[in-house]
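Just so it is clear, none of the values below were taken in a lab; they were calculated from the coordinates. The shown structure was predicted, so the numbers you read here are calculated from the model rather than taken from an experiment. Using ideal geometry, Cβ is built from the backbone for each residue, glycine included, and neighbour counts are taken over all protein chains shown.
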Amino acid sequence: MNRKFALAVSISVALGGTVTAAELEPEISKTIPAVTAKNRIYAADIAINHIADGKLHIVDADSGKYLGVIGIGFTGQVTLSNDKREILVSTGYLSRGQRGDRADIVEVWDADTLKFKYEIPISDKRAMALQYEGLMRLSADGRWLFVQNATPATSVSVIDMQAKKMVGEVAMPGCWAIYPVQSDSKRFASLCGDGTIQTVTIDDNGAEAARKTSAKVFDAEADAWFMQGEQAGDDYYFVSFKGNVARVNVAGETAAVTETWPLASKAEMQKGWRPGGYQPLAVHGDSNRLYVAMHAGGVEGSHKNPAKQIWAFDTQTKKRIARMPGHAAISLEPSADGKRLYAIDIEKASIVIFDTIGAKPKVRAVQVGEVPIQLEAE
Amino acid sequence: MKLLQHWIDSLAERQVRRAAQFTGRRSALASIGKWMVAGTALPMLPFDRSGSAQAASQVAGDDPMACDYWRNCALDGFLCNCCGGSMSDCPPGAEVSKVTWVGTCHNPKDGKDYLVSYNDCCGKVACGRCLCNFNERERPGYRMGVHNDINWCMANTQTMYHCTVSAIVGVAQG
């Protein structure tokens, strides 16, 4: 026994340790093969301070563990395939990062291995916008991918996901966002600035075949609708800046409002309780639940303010069932089973997981990225 | 044109047209065709990470370096005068956007409402300083001319977003 070892032994013994502690085994690094978590939350991050380099954060809703990240480029939009096994990103890259030639593409990633699969070149008219789920949507059968364009003239690129090719462009002057029809994969609706809804039907080649315009259903000056539409089959729920819910059926040639109702009582309206945020509405159709991010003292211009409270409603009775803590939410998303609610706390750049719904919910928070905006859930 | 008629009165429209000419966007507008848009900033959020909780919803300040400076009533992005530029000029090396959005902001000093053109400055990496976000009369993209969650460098050859200026167009009347 040399002197150094004797000293180490004596210190170890003095500290109450054992002399026979096993040495750590050598390790060989490998790649974790795949994400296996069943309930995943996806949060798209604009990363405004270095906007060429947006991110999609992936978190396990059960454990709260951060599972991985995918780069989504410059103002990339994100949607999941209908079977949730693929992540679709429409984005653009400049050849020299901050300058150079622009290339716009749809990327397809494996949602489990988080590996890149393939890409499809698309028009560089792609809207370079903040992440909103209505700016890129798949048809119900997964055949057609619709991508919002803005030059700033507005149109929609039509991508055939079977042929892996962009096949058409539908002009949508004065209209914005894409609301696919569940029962007709060749049809989508869009909100227009004159308060109407346009419904476009494409043909087998992805070209426009028909277009109808609804009556005026909202007033973009007096009480504009948020562009977020929460889908429940062939219906979409919208909410207005002043807190009126509208349910719209988009199945037919012409979209129609089927019901409207206010979120707040007259007294609450007088206190300025209004919706706010970027994805302020969450609807879970099977459980008839609707959640809205609400703030008090609302005025013209407050429509992106974070929540002071999250209000939960029953869509059947139109009654409020809970006023929940706001957690500075700007975006909401229900879990697939409807039992949880997810939110983005913009002040803490965190995903908030509401494990229970009610006035005093059980809540966990996971910090992600910098400026997460859009939430999706598996 | 259809869009414009929806969001701005005829006098304001004339002023927006003039703004477009001032900023040299004629050629871009010609290529845009039926569009007559004025543009602006990129996104950001009505909150203050410095800790003073939620920002006010409307502006009324007189400090040009502060987010709540009155001209910023619908500005969403990095203030160019924080980034080496000025209130109305882009920083060295950045291009003025060809399309912009004109907001209408109230100047508390003279009591008048002004049309303000929010040009993005383009072609350089995001400035990253003085991020502000106000949304008076801002609307979703179906009113593209008053939408600020989009990169208004979109019509430039170099589309990278750097920062946003707020240039006076004229007094808003009616």
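Key figures
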quantity	calculated
Gap separating the Cα centres of region A:20-49 and region A:268-308, nearest whole Å	36
5 angstrom amide H check on A:Glu169, placed H, neighbours 5+ away	A:Val158
Amide H contacts under 5 Å for A:Gly73, placed H, 5+ residues apart	A:Gly54
Estimated 222 nm signal from helices in chain A, with DSSP H stretches of n ≥ 4 weighted -39500 (n - 2.57), rounded to 500	-1000 deg cm²/dmol
Extension gain, A:Thr20 back to A:Lys164 (0.36 nm per residue minus Cα-Cα distance, nm)	45.7 nm
Prolate/oblate/rounded call for region A:34-377, Cα gyration tensor, a/c under 1.5 rounded	oblate
Helix axis angle, A:3-14 relative to chain A longest principal axis, alpha carbon, degrees	60
³J(HN,Hα) computed for each position of region A:101-109 - Karplus, 6.51 cos²θ - 1.76 cosθ + 1.60, integer Hz, glycine/proline x	6, 9, 10, 9, 8, 9, 9, 10, 10
Exposure proxy ranking, count of Cβ atoms within 10 Å, fewest first, for A:Tyr179, A:Tyr66	A:Tyr66, A:Tyr179
Projected label distance in nm at A:Asp124 and A:Lys339, using a 7 Å step from Cα toward the beta-carbon	5.0
Cross-link reach list, aspartates and glutamates versus A:Lys318, counting only Cα pairs under 17 Å and skipping chain neighbours closer than eight places	A:Glu230, A:Asp235, A:Glu259, A:Glu268, A:Asp286
Burial ordering of A:Tyr93, A:Tyr342, fewest other beta-carbon atoms within 10 Å first	A:Tyr93, A:Tyr342
FRET E, pair A:Ala365, A:Ala34, Förster distance 35 Å, beta-carbon r, rounded to 0.05	0.85
Cα→Cβ-extended label distance, 7 Å offset, between A:Ala171 and A:Asp355, nm	5.6
